[in-house]
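Here the structure is laid out as structure tokens; the discussion comes afterwards.
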Amino acid sequence: MTDTNNAMTFADLPLSEAVIKAVQDVGYESPSPIQAQSIPHLLEGRDLLGLAQTGTGKTAAFALPLLSAIDLKQRDPQVLVLTPTRELAIQVAEAFQRYARHMKGFHVLPVYGGQDMRGQLRSLQRGAHVIVGTPGRVMDHLRRESLKLDSLKTVVLDEADEMLRMGFVDDIEWIMEQTPADRQVALFSATMPYQIRKIADTHLKEPATVEIKAKTATVDTITQKVCMVSGFHKLDALTRILEVESFDAMIIFVRTKTATVELAEKLEARGFAAAALNGDMSQALREKVVDRLKKKSLDILIATDVAARGLDVERMSHVVNYDIPYDTEAYVHRIGRTGRAGRQGTAILFATHRERRMLRAIESATRQRIDTMRLPSMSDVRDIRIRQFKEDVIKAIDMGEELDVFREIVAELEQENALSYEDMAAALCFMAQKERPFPDAKEPEQPRREGRDRGDRDRGERRRDGERRGERGRERNNDGMVRYRVELGRDQGINPGDLVGAIANEGKISGQSIGHIRLFDNCSSVYLPEGMDKSVIEALKGARIRNRPMELKLWTGDEPQTERRGRRDGGRGRHEGGRREGGARREGGRGGDRRPRRDNSGTR
Ligand code: AMP
């Protein structure tokens, strides 16, 4: 990330007020490089060729300017986004919804193969401002004339090289021919193979080209490691790392201001001296926090890129990239906060499988191979904690005279209660570690890791965390819980009691451990304990309520729009994530989703 981008805020860009407000709501501090460079061109109506991969913020790079130009009164599609997979179609549609939260009456419709056709047709009839779809299904609708593109202002080709890889090139060509001649085109691709270049040459008019160049940098004084861990297991992985790594001071990078505060609170609750550092804080407050770090009253800062700019603290021994940065330049800048003044530093990166391209880019930018780190197991954590504890006891004995007053108390305790020294010492050990209890070695081992090793999470630690935080009430406090989605809602006649009953029975979970439940028209959300056993999740996935499958899956994205009772949803709230459109790219989604279909898209 360049300094120019760092200094820029979303309010500096001529985006609509509603969009700027939404971006502020989600807590983005400043535009990512791809956003800073693409947004002005797209707002001007220019065609755009963007060389960008997942994780760079490319979705907002096109969604924010295109939303700013939407005419809400016009219900025919104004924007068409083509994506290679249904998973991405859903993600992009959810991003549009998120950024359009202050645009009353806005509709985005994801359409993809395998999804119920009747529901889609009804939704299309009702109209949507933005359509996000996989090429096969978009073609189907164009042929049936259920999708009309006469009012289309912009076409976005997202992850164009992936669409090429999946054999969609001819479909894209055909779709492009159905769009008005004067439409704007934005093409995003991580690479620029010949066929994509050809599409760009044929369909884009004098495009602005945006590319985030990877600069190389030497980072000799820094040891880099990567930990493949997915979103909701990051906190667990981080906690274990904090327990076993011997660090002096640490900076943890996250993407949003909100995340700095949330993570700081969670680490504090786990007994670490942590504080947030973000752009919302006044300069004076930020300086105060950094000063506390220098003076060792704090050990951990959780920061955004902007807030950590220029930070120079000699004792910073570790950098953790909790959220992967948008580009290699930002990465190099982040890890440069350690390894200062001739000291050795360690940089740990959390990455998901989807982000491996960025990982390779970072390796080539830093000209270092980044080794995968083994996450410490619970028994590693326990061994190290106990060793440290013993060392602390021995150090305390060396304090000599200062202990005299306590020796007297021990002698009194022994005389008054006829206690053994062993029992008294054990009780004191218990009291000394009570605030941060040693993990139980019998607890399950590794937390889930991305792509492999899907072991269980440490339930004991979580339980104790809950106890430490006190009984704040299940409804209000979803800490240590993960939000799941159930594909049944009010329109299917579901009530919270049904959900509790089915989950408790099928998952053999006590009703007490089931968290906050929300019902929407065509789906529901429920908080369940983090790190549930895989077999429990499998059992719940297969569970049925009122003879319909629950289809439990992790909640992604925002809430469905809260809809008035009795309104028909028509598919907007109904998602099928995680699956590629696969061979189903033509004629009605042949060979796509092989699950039995049902119509729950609004009919009762
Ligand atoms: P994408 O590259 O579009 O898949 O976005 C990657 C992630 O970055 C998403 O989780 C976005 O919510 C997040 N993101 C996008 N833009 C920003 C921004 N300006 N500041 C912080 N996070 C962002």
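The values are calculated or read from the model by the stated rules, or taken from the named source; none is laboratory data. Keep in mind the model is a prediction, meaning the values are calculated, not measured. Positions of Cβ are backbone-derived with ideal geometry, glycine not excepted, and every protein chain shown enters the neighbour counts. All accessible areas refer to the heavy atoms of the entire protein, side chains included, with ligands and DNA or RNA removed. Shrake-Rupley method; radii C 1.70, N 1.55, O 1.52, S 1.80 Å.
By the compact-protein rule of thumb, 2.2 N^0.38 Å, the alpha-carbon radius of gyration of segment 10-211 corresponds to a ratio of 0.94. The mean sequence distance of close C-alpha pairs (under 8 Å, at least 6 residues apart), as a share of the length of segment 28-92, puts its relative contact order at 31 percent.
With 22 Å as the limit on Cα-Cα distance, the pairs of 21/553; 266/390; 257/288; 234/508; 148/553 that go past it are 21/553; 266/390; 234/508; 148/553.
Stretched out straight at 0.36 nm per residue, the stretch from residue 181 to residue 282 would grow longer than its current Cα-Cα span by 31.4 nm. 3J(HN,Hα) along segment 359-366: 4, 4, 4, 5, 4, 6, 5, 9 Hz, from the Karplus curve 6.51 cos²θ - 1.76 cosθ + 1.60 with θ = phi - 60°, whole Hz, x for Gly and Pro.
Of the solvent-accessible surface of segment 202-342, computed with a 1.4 Å probe over protein heavy atoms with every protein chain present, carbon and sulfur atoms account for 48 percent. Solvent-accessible area of segment 50-103 (1.4 angstrom probe, protein heavy atoms only): carbon and sulfur portion equals 45 percent.
Taking amide H positions as modeled 1.01 Å from N, with prolines and chain starts lacking one, the residues under 5 Å from residue 481 and 5 or more places away or on another chain are 530.
Taking a spot 7 Å from the Cα of residue 76 along the direction of its beta carbon, which residues of segment 153-173 have an amide N less than 12 Å from it? Residues 153 qualify, since their backbone N sits under 12 Å from the label point. Diagonalising the gyration tensor over the Cα atoms of segment 286-421 and scaling each eigenvalue by 5 before taking the square root yields semi-axes of 44, 20, 13 Å, largest first. Sequentially through segment 80-86, phi angles give Karplus couplings (6.51, -1.76, 1.60; θ = phi - 60°) of 10, 10, 9, 10, x, 10, 5 Hz, Gly and Pro residues having no value and appearing as x. Dipole magnitude for segment 222-366: about 140 debye, using +1 per Lys or Arg Cβ and -1 per Asp or Glu Cβ, origin at the Cα centre. What segment 1-118 shows is 33 Å² of accessible area per residue, with the surface traced by a 1.4 Å probe over protein heavy atoms. A 1.4 Å probe run over segment 379-433, with the rest of the protein chains in place, finds 80 Å² accessible per residue. Computed 3J(HN,Hα) for segment 413-426, one whole-Hz value per residue from the Karplus formula 6.51 cos²θ - 1.76 cosθ + 1.60 where θ = phi - 60°, is 4, 5, 5, 5, 10, 6, 8, 7, 4, 4, 5, 5, 4, 5, glycine and proline marked x. Working ranking of peptides 240-250, 354-364, 110-120, 541-551 by packing, defined as the average number of other Cβ atoms within 10 Å per residue, highest first, is 110-120, 240-250, 354-364, 541-551.
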